[in-house]
Amino acid sequence: MKSGLRDTYEQVGGYDATRMVLDDQDLMCRLFLAGDFHRIPRCLYMQRMHPDNTQRDTEINAHIQRETVALYDKYIEPSALAWTKRRGLLALDLGAAHRKPPGYLGVDQYARDGVDIVATLPAPLDLPDDSVGLLRAVDFLEHVPAKVPLINELYRLLAPGGMLLTLTPSSDGRGAYQDPTHVAYYNENSFWYYTDNQYRAFVPEIQARFQNSRLVTYFPTDWHSRNQISYVQANLIAMKDGAERCGGPLLV
């Protein structure tokens, strides 16, 4: 291993010997935070299947499936943020008056702490096309009534391959309707119209073309479960000229 690669390997913490499964996936995720990957178009690794492979054990296999999702959830936002910063793009937190994370510019319709850009979406932001690498929309989409113009504007802002990370109270639960400030309603099916040409054709005004990275409905905490407040998580990749397929279903 060359010294630069070894330095990066040690910088990210190296191999985690405490992990029973997915130690390679965890290491790859941590390495991506430090730098881009480069595709080598040839086979470098083959796995020999034998009776003692962990994938052949039913319980271990189930654990692998759960842990794969857990690692995705753990690393997707920091990975997207690292990708964004390496390309000199912006990261925007929409509705930033509430708990803006580090590394983002905050966008909100009111001038408050943590708000860097005062604007009312879906009116166009004073930012160039393709200037944003990451959009964080947590508890935000439900506050904007014009759904198609909003998604179109977010798509305009995103660079090819940029990500829109959303978390929204689902209309499959009570949370979508209980808050009097909620004026738009979403569930998993709502995002089909931005990721599948068959559904996009029903709404000609849609300009946005996304690839689905993750689409799931869940209860964030036990409190949410007890009160039947489910959330829909939709993580979407902007498909524009220059954007490579990033895994997952390609429906555009």
Solvent-accessible area, 1.4 Å probe, carbon plus sulfur percent, for region 137-246: 49
222 nm mean residue ellipticity, helices alone, for the chain (DSSP H n ≥ 4; -39,500 (n - 2.57); rounded to 500): -9000 deg cm²/dmol
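Mean Kyte-Doolittle of at least 0.0 plus a Cα span of 15 Å or more along the axis: flag which DSSP H helices in the chain meet both, please.
Details: long enough: 23-34 (17 Å, 0.16); 58-86 (40 Å, -0.57); 147-157 (16 Å, 0.16).
The answer, listed by residue number, is 23-34, 147-157.
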DSSP beta bridge pairing in the chain, given as percent antiparallel to the nearest 5: 50
Residue-level accessible surface for Phe37, protein heavy atoms, 1.4 Å, Å²: 100
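Using DSSP to call loops (not H, G, I, E or B), can you name the GluC sites (Glu not before Pro) in region 148-252 whose Cβ has at most 11 other Cβ atoms within 10 angstrom?
Glu205, Glu244
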Test item: Cα-centred dipole of the chain, Lys/Arg +1 and Asp/Glu -1 on Cβ, debye: 460
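In whole percent, how big is the carbon plus sulfur part of the accessible area of region 1-129, probe 1.4 Å, protein atoms only? Please list the in-between numbers first.
Details: 4840 of 8930 Å².
Exposed carbon and sulfur together represent 54 percent of the surface.
Please identify the trypsin sites (Lys or Arg not before Pro) of region 1-110 that satisfy two criteria: DSSP loop assignment and at most 14 other Cβ atoms within 10 Å. Which are they?
Working: sites: Lys2, Arg6, Arg19, Arg30, Arg39, Arg42, Arg48, Arg56, Arg66, Lys74, Lys85, Arg86, Arg87, Arg99; in loops: Lys2, Arg19, Arg39, Arg42, Arg48, Arg87, Arg99.
Within region 1-110, the qualifying trypsin sites (Lys or Arg not before Pro) (loop, at most 14 other Cβ atoms within 10 Å) are Lys2, Arg19, Arg39, Arg42, Arg48, Arg87, Arg99.
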For the chain, accessible area per residue (1.4 Å probe, heavy atoms of protein chains only), Å²: 58
Unit charges at the beta carbon, dipole of the chain: most positive-side option, Ile229, His182, Val115: Val115
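The values are calculated or read from the model by the stated rules, or taken from the named source; none is laboratory data. Note that the coordinates shown come from a computational prediction; the quantities given were computed from them, not determined experimentally. Quick reminder, even Gly has a Cβ in these numbers, built from the backbone with ideal geometry, and neighbours come from all protein chains shown. In case anyone asks, the SASA skips ligands and DNA or RNA and just uses the protein heavy atoms, side chains included. Shrake-Rupley method; radii C 1.70, N 1.55, O 1.52, S 1.80 Å.
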